[in-house]
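The values are calculated or read from the model by the stated rules, or taken from the named source; none is laboratory data. Computed from a predicted structure; not experimentally measured. FYI the Cβ positions are ideal-geometry reconstructions off the backbone, even for glycines, and counts take in every protein chain you see.
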Amino acid sequence: MQTTTLTPPMTETAPVDSRAATAVAQSAVTDQEVRDHIHKVVEESKTSFLWAMKLLKKPRREAMFAIYCYCREIDDVADDPAPPARKIAALAQWREEIEGLFAGHPRSLTARGLAGPVAAYGMAKEDFLALIDGMEMDAREDMRGPTMAELELYCDRVASAVGRLSVRAFGDHGPRARDVATALGRALQLTNILRDLAEDAERGRLYLPAELLDAHGIDSRDPKEVLGHPALPLVCRDLAGIAQSRFDEAEAALAECDRGAMRPAIVMKEVYRRYLDRLLAEGWRDPHRRVQLSKAQKIWIALRHGVF
């Protein structure tokens, strides 16, 4: 399951022990090489939110690129087809990287790229570690029909924690910005779950919560069987209602935030709300069809909400 790092996944999964997970002596590379590595990961991801991140001024934009790069590489570990033990070992290496980062001696290219933003914007170690915790939930075994509590925890770790890092980079350090991160992160992740049913099923994963599956008479936890069940649209509609509530919570919190600083969050909220609206309109009649918005539509949303 891709995280809501404010982005969709890369087109190609990297091996779990590649790229920034390999330690690099601080003296061995230049700052330009660190930047080149981070920009390469961002550009190769083909994220639809690259243009939205570019709304930020350069130091904050570079911070968001570094956060994204970290999220992308952690996510690649969880989605790698390697055995669980190997993925858990790779995530343990990332824990060491984060500990090293906050101890003042980052080793990997990505950790070195995060060092400046962490110091400048006061990002919390627990939020970086929470993402690893979430990826471990995927890496240990394929999630199939989690309880609602497990799903909420998963969303907080893989999405809201990233949001909490991001709002620091955006420039709003207030408590309501943190509330936005928590609520919006969950809303975005639930929307991604509802968009990616078929993709997740191919990986053997089913994030729809057990309580909703049971409520609509779906006993199976086999992802592909659930996708073919006639009650699937009812389950999805109920989960969409929870996502809508999270969007509403984020909207209320945004009203008390610095609108200028939170421009990227506003854009993401509006784009993903439209994804959810389209999903509801289509009713999950074809769960293999992934709804999309064009770049022009996203720019129109940004213009409409006054963020340029």
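Would you confirm, using the coordinates I've provided, whether Ser166 is in contact (Cβ under 8 Å) with a residue 40 or more places away in the chain, among the hydroxyl-bearing types (Ser, Thr, Tyr) and within 28 Å of Leu208 (Cα to Cα)? Against the criterion (in contact (Cβ under 8 Å) with a residue 40 or more places away in the chain, among the hydroxyl-bearing types (Ser, Thr, Tyr) and within 28 Å of Leu208 (Cα to Cα)), Ser166 qualifies.
Only residues that are modelled with pLDDT under 90 and exposed (fewer than 13 other Cβ atoms within 10 Å of the Cβ) were counted across the stretch 267-288, and they come to 0. In the stretch 243-266, of all residues being modelled with pLDDT of 95 or more and of a type in the set (D, E, K, R), the one that is nearest to Leu206 (Cα to Cα) corresponds to Arg246.
Filter the stretch 129-183 down to the residues that are over 16 Å from Leu239 (Cβ atoms), more than 15 Å from the chain's Cα centre (by Cα) and among the basic types (Lys, Arg) and list them by number. Arg140, Arg168, Arg176, Arg178, listed by residue number. Assess whether Pro264 counts as being out of contact with any Ser or Thr (no Cβ under 8 Å at 6 or more places or on another chain), crowded, with 16+ Cβ neighbours inside 10 Å and either in a helix (DSSP H, G or I) or in contact (Cβ under 8 Å) with a residue 24 or more places away in the chain (or both). Judged against the criteria, Pro264 is not a match. Annotation note: of Lys58, Lys46, the sole residue that is surrounded by fewer than 19 Cβ atoms within 10 Å (Cβ to Cβ), modelled with pLDDT of 90 or more and charged (D, E, K, R) is Lys58. Scanning the stretch 89-114 for residues that are out of contact with any helix residue (DSSP H, G or I) (no Cβ under 6 Å at 6 or more places or on another chain) and of a type in the set (A, V, I, L, M, F, W, C) yields Ala89, Ala92, Ala103. Restricting attention to the stretch 103-124, the residues that are free of Cβ contacts under 8 Å to residues at least 60 places away in the same chain and either over 20 Å from Arg60 (Cβ atoms) or not in a helix (DSSP H, G or I) (or both) total 5.
Quick check, is Arg186 basic (Lys, Arg), surrounded by fewer than 24 Cβ atoms within 10 Å (Cβ to Cβ) and assigned to a helix (DSSP H, G or I)? Here the answer is no, as Arg186 does not meet what is asked.
Criterion applied to Thr182, Thr110 was being touching a Ser or Thr at 6+ places or on another chain (Cβ under 7 Å) and under 30 Å from Gly260 (Cβ atoms), and the one residue passing it is Thr182.
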